[in-house]
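Beneath this line is the structure, given in structure tokens, with notes to follow.
Only the coordinates and a few stated rules stand behind these numbers; no lab work does. In this text the structure is predicted, and so the values were computed from the model without any measurement. Heads up, the Cβs are rebuilt from the backbone with ideal geometry, glycines too, and the neighbour counts pull from every protein chain shown.
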Amino acid sequence: MRKPFKLKNKVYIAASASAAGRDEAAGPLGDLFDVTDTADNRFGEDTWEKAESAMQRLALDAALRRAGIGAEEIDALFAGDLLDQCVSSNYAHAESGIPYLGLYGACSTAAEGMILASLACEAGLGTCAAVTSSHFCSAERQFRFPLEYGGQRTPTSQWTVTAAGAFIISRERRAGGVLPRVTEIMPGRIVDRGISDLSNMGAAMAPAAADTLLGYFESGGEPRDFDLIVTGDLGREGSDILRDLCAASGLDIAPRHADCGLMIFDGCSDKHAGGSGCGCSAAVMASDVLKNVRNGTLCNVLFVGTGALMSPLTVNQGASIPGIAHLVHITGEEV
């Protein structure tokens with residue numbers, strides 16, 4: 001039986017911040033993002049890829065300011081994005097001087113970064129950072145088709161979120177009041193159910209999310225013990241599948257479940273099944289969820305970051321899409 005890893009030391013999410021694009025700023029969480037570009041989603045740059053790098057820098061800078069520290073105090077930075085060789089992250093932090101570890105977990109990268117940063121602090125590092133991003137324009141032309149093509153999107157397709165989220169994770173209590181604390185982590189297993197439709201990534205990722213949640217609750221507890229079980233990001237299709245898979249195994253998560261892809265684009269019909277991309281769960285967690293932990297609205301949260309582990313090459317070869325889901329248990333603690 002798999003068990004979550006309980007951190008022995010107190011590890012806090014000392015600060016978080018987000019940057020987001022025009023459509024995201026116009027959505028239900030728009031007022032919560034720290035930095036937005038409501039003009040053209042370029043953040044002052046001349047390419048979409050550079051714009052994504054700029055979002056990461058802006059989100060990280062805002063998180064550092066909120067934590068009241070400088071970049072020189074970060075012992076390790078865990079960063080990743082959707083693009084080949086994580087180029088947005090590489091260029092974003094090339095001049096930062098921060099020790100850097102690049103990640104690729106697809107849309108699960110925010111959770112993966114939190115896990116690795118928390119483990120690094122557990123092992124003895126003082127303060128780490130995790131940051132990730134996605135950009136609609138850079139991702140679409142890599143994974144699907146040129147933007148100019150104007151292809152019709154299917155109802156199950158999700159919209160790659162233009163956003164970034166950054167998290168300062170530390171063993172040091174850098175602020176008073178309630179701080180989010182990482183108490184447990186549970187890396188996911190790769191689950192492949194044969195889904196090969198790039199326009200239905202929710203269906204590809206949902207079995208992995210179910211596998212992680214069922215594994216977590218095998219060790220004890222019930223969904224009702226939590227204020228929120230938030231996935232990121234299955235969208236409408238994947239969320240329905242996840243709930244059905246869990247219910248079929250006797251686990252009712254529906255009363256507590258929410259999905260970042262639906263939270264960021266709730267009610268936006270032109271976004272079809274909701275948001276996706278590394279920046280989706282990162283921005284929602286950095287703005288909405290962790291803010292509600294800090295103000296006491298949420299006290300006990302399970303964050304399950306989901307990812308579709310494909311590449312343009314494997315998709316073009318007709319391969320199926322493996323899914324992954326990493327779990328982070330976050331509680332609010334008065335410090």
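Using the Cα centre of the chain as the reference point, and only Cβ charges (+1 on K/R, -1 on D/E), how large is the resulting charge dipole? Debye, rounded to the nearest 20. Working shown, then result.
Numbers: 27 positive and 41 negative charges, 148 e Å.
Result for the chain is approximately 700 debye, rounded to the nearest 20.
Roughly speaking, what is the centre-to-centre gap between the stretch 147-218 and the stretch 60-137 when only Cα atoms are used, to the nearest Å?
16 Å
If you put +1 on each Lys and Arg Cβ and -1 on each Asp and Glu Cβ, how big is the dipole of the stretch 71-169 around its Cα centre, in Debye rounded to 20? Don't skip to the answer; put the middle values down first.
Working: 3 positive and 10 negative charges, 99 e Å.
The dipole of the stretch 71-169 has a size of about 480 debye.
Have a look at Asn292, Asn316, Asn90 and tell me which one the Gaussian network model of the chain (Cα, springs below 10 Å) gives the largest fluctuation.
Of the options given, Asn316 has the highest mean-square fluctuation.
Arranged by the count of other C-beta atoms within 10 angstrom, fewest first, what order do Lys271, Lys291, Lys50 take? Working shown, then result.
Working: Lys271 24, Lys291 16, Lys50 19.
Result, fewest neighbours first: Lys291, Lys50, Lys271.
Where does each of Ile13, Ile195 land when they are ranked from fewest to most other beta-carbon atoms within 10 angstrom?
Details: Ile13 26, Ile195 20.
Fewest-to-most ranking of Ile13, Ile195: Ile195, Ile13.
Would you mind counting up the charge near Ala25? Only other residues with Cβ under 12 Å from its Cβ, with Lys and Arg at +1 and Asp and Glu at -1. Numbers along the way, then the final one.
Values: positive: Arg22; negative: Asp23, Glu24, Asp31, Asp34, Asp37.
Net charge around Ala25: -4.
How would you order 218-231, 108-121 from highest to lowest mean count of nearby Cβ atoms within 10 Å? Don't skip to the end; give the middle numbers.
Details: 218-231: 16.9, 108-121: 27.4.
With the highest mean Cβ count within 10 Å placed first, the list reads 108-121, 218-231.
Rank-order 55-66, 244-255 by packing density, defined as the average count of other C-beta atoms within 10 Å over each peptide's residues, highest first.
55-66, 244-255
Of the candidates Thr132, Thr36, Thr47, which one comes out as most mobile in a Gaussian network treatment of the chain with C-alpha springs shorter than 10 Å?
Taking springs between Cα atoms under 10 Å, the residue moving most is Thr47.
Charges only on Cβ, +1 for Lys and Arg, -1 for Asp and Glu: so what's the dipole of the stretch 179-334 about the Cα centre, in debye to the nearest 20?
Numbers: 10 positive and 19 negative charges, 46 e Å.
Taking the Cα centre of the stretch 179-334 as origin, the dipole is about 220 debye.
Using +1 at the C-beta of Lys and Arg and -1 at the C-beta of Asp and Glu, which of Ser134, Gly238, Leu302 has the Cα lying farthest in the positive direction of the dipole of the chain?
The residue sitting farthest along the positive end of the dipole is Leu302.
Near Tyr104, within a Cβ-to-Cβ distance under 10 Å, what is the net charge of the other residues, with Lys and Arg +1 and Asp and Glu -1?
Values: positive: none; negative: Asp81, Asp84, Glu112.
Net of charged neighbours comes to -3.
Per residue of the stretch 22-38, in order, report the coupling 6.51 cos²θ - 1.76 cosθ + 1.60 (Karplus, θ = phi - 60°) as ³J(HN,Hα) in whole Hz, putting x for Gly and Pro.
5, 5, 5, 5, 8, x, x, 9, x, 6, 8, 6, 6, 9, 9, 10, 8
Report the net charge of residues surrounding Ala71, where surrounding means a beta-carbon distance below 14 angstrom and charges are Lys +1, Arg +1, Asp -1, Glu -1.
On the way: positive: Arg57, Arg65, Arg66; negative: Asp61, Glu72, Glu73, Asp75, Glu95.
Neighbour charge sum, excluding Ala71 itself: -2.
Estimate the FRET efficiency between Asp225 and Ser320 by the formula 1/(1 + (r/R0)^6), using the beta-carbon distance for r and 45 Å for R0, to the nearest 0.05.
Numbers: r = 34 Å, r/R0 = 0.77.
E(calc), rounded to 0.05, equals 0.85.
Take each of the peptides 303-312, 277-286, average the number of other beta-carbon atoms within 10 Å over its residues, and list them starting from the highest.
Numbers: 303-312: 25.0, 277-286: 35.2.
Packing order, densest peptide first, comes out as 277-286, 303-312.
What relative contact order, as a whole-number percentage, does the chain give when Cα pairs under 8 Å and 6 or more residues apart are counted? Working shown, then result.
Numbers: 897 pairs, mean separation 85.3, N = 335.
Contact order relative to length: 25 percent.
Run through the DSSP bridge list for the chain and note the antiparallel percent, rounded to the nearest 5.
Numbers: 38 of 59 bridges.
About 65 percent, rounded to the nearest 5.
Name the residue farthest towards the positive end of the dipole of the chain from the options Leu313, Leu119, Trp159, assuming +1 on Cβ of Lys and Arg, -1 on Cβ of Asp and Glu, about the Cα centre.
Leu119
Using helices alone, what [θ] at 222 nm do you get for the chain, with -39,500 (n - 2.57) per DSSP H run of 4 or more residues, divided over all residues and rounded to the nearest 500?
Numbers: 11 runs with 107 residues, N = 335.
Here the helix-only value at 222 nm equals -9500 deg cm²/dmol.
Within the chain, how many Lys pairs sit with Cα atoms under 27 Å apart, leaving out pairs fewer than 8 places apart on the same chain? Display every interim value, and only then the final one.
Working: Lys6/Lys291; Lys8/Lys291; Lys10/Lys291; Lys50/Lys271; Lys271/Lys291.
Going through the chain pair by pair, I get 5.
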